[in-house]
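Following: one structure in structure tokens, then a few remarks.
The values are calculated or read from the model by the stated rules, or taken from the named source; none is laboratory data. What you see is a predicted model; the values in this text were computed from it and never measured. No Cβ is skipped: glycine too gets one built from the backbone with ideal geometry, and neighbour counts run over all protein chains shown. Heavy atoms of the whole protein, side chains included, go into the accessibility calculation; ligands, DNA and RNA do not. Shrake-Rupley method; radii C 1.70, N 1.55, O 1.52, S 1.80 Å.
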Amino acid sequence: MGLWDRIKSTRLYKSIYRNDYPDTPRNQVLVILNSMVLHLHPVKIPKKQVRYTFTFGLGGTSLLMFLILTLTGVWLMFYYVPSIPGAWFSMKALQTDVYFGQFARNLHRWAAHGMVIAVLLHMTRVFYTGSYKPPREFNWAMGVVLLLLTFLLSFTGYLLPWDQLAYWAITVGSNMAKATPFIGAQVQLMLLGGYEIGQATLIRWYTLHVIFLPLAAMLLMGMHFWRVRKDGGISTPIPYDEDEAEFPPQPEAAAD
Ligand code: HEM
């Protein structure tokens, strides 16, 4: 018995890997189904569902941006102090005293811009391919909430450096909220945590930015991806023959 066969016959190996090597179609299916990570993907899908020019990978790019934002955001949290005396100086110190501090901060900001652009383009793609139609209406609705969360994440992050730009942007934003009919004053009070921008505003927006909104986005993204699977995978609304690729297919000439 060779070394590899011996390793495979140990209890430790068998406790981790339950299947044989994926060299037959059956074992390939079993490996996918029994793996926590791989089972997130379907075992088989029609080839045209993964045609790059149908989705341009825009939903995946939105997710990638979110992951970069989460990683760099956790990194920034090690240095950022959410208090009026601490916020601006901690960001300044991050850029000058911390290795790769400026880089991490810029990565976080650029990924935020990237996510807004990717999500908007993804939504445009879904619209132009008609992929919001049944049975995908609910996923479209969830997408709208994800779009809102993406905007809110960007906006709440904007206050945190506590510089002039941030301060006045929040002044404008919260005054816009105040213009809401009937409940405007209450909405502004809730957003600011008082009658003017101060420590209460900063800690509110910080908590929204680093805990509440990312958790809500993660939960919804999980549901969004699950729905893509349950709605039959990525849509292929216009049936067409790959060999005679004629896109979009021309309607049959109507008989007179
Ligand atoms: C955080 C934001 C979002 C993420 C991470 C995300 C991710 C994804 C991914 C990975 C897919 C699979 C197909 C693809 O990559 O295009 C998808 C499909 C879909 N998304 Fe999103 N999405 C987001 C926002 C939105 C928005 C704003 C809308 C619309 C308002 C939307 C509506 C849909 C629909 C209807 C599908 C099914 C499309 C099809 O089957 O062709 N999503 N999404």
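Some observations on this one:
- Working note: Karplus 6.51/-1.76/1.60 with θ = phi - 60° gives segment 29-39 the couplings 4, 4, 4, 5, 5, 8, 9, 4, 6, 5, 5 Hz, where Gly and Pro are set to x.
- Accessible surface, per residue, of the chain when the full set of protein chains is kept, probe 1.4 Å, Å²: 69 Å²
- Among Tyr17, Tyr80, Tyr132, the largest mean-square fluctuation in a Gaussian network model of the chain (Cα springs under 10 Å) belongs to Tyr17.
- Peptides 213-225, 44-56 ranked from most to least packed, by the mean per-residue count of other Cβ atoms within 10 Å: 213-225, 44-56.
- Total charge dipole magnitude, segment 58-230, about the Cα centre, Cβ charges on Lys, Arg, Asp, Glu only, Debye to nearest 20: 600 debye
- Order of exposure, largest accessible area first, which applies to Arg125, Arg11, Arg204 with probe 1.4 Å: Arg11, Arg204, Arg125
- Along each principal axis, taking the top coordinate minus the bottom one, the Cα set of segment 58-230 gives 52, 48, 23 Å in descending order.
- In the chain, the calculated helix contribution to ellipticity at 222 nm averages -20000 deg cm²/dmol per residue, counting -39,500 (n - 2.57) for every DSSP H run with n ≥ 4.
- Candidates Phe182, Pro135, Pro42 compared by Cα position along the dipole of the chain: farthest toward the positive end lies Pro42, with charges placed on Cβ.
- Lysine pairs within the chain, Cα separation less than 28 Å, 8 or more sequence positions apart or different chains: 9
- Percent carbon-and-sulfur accessible area, segment 58-230, ignoring ligands, DNA and RNA, probe 1.4 Å: 75 percent
- Inter-site label distance for Ile45 and Leu71 at 7 Å from Cα along Cβ, in nm: 2.2 nm
- Two-decimal Rg to Rh for segment 20-66 - Kirkwood Rh, Cα set: 1.09
- Stretchable slack from Asp163 to Met36, in nm (0.36 nm times residue separation minus alpha-carbon distance): 41.3 nm
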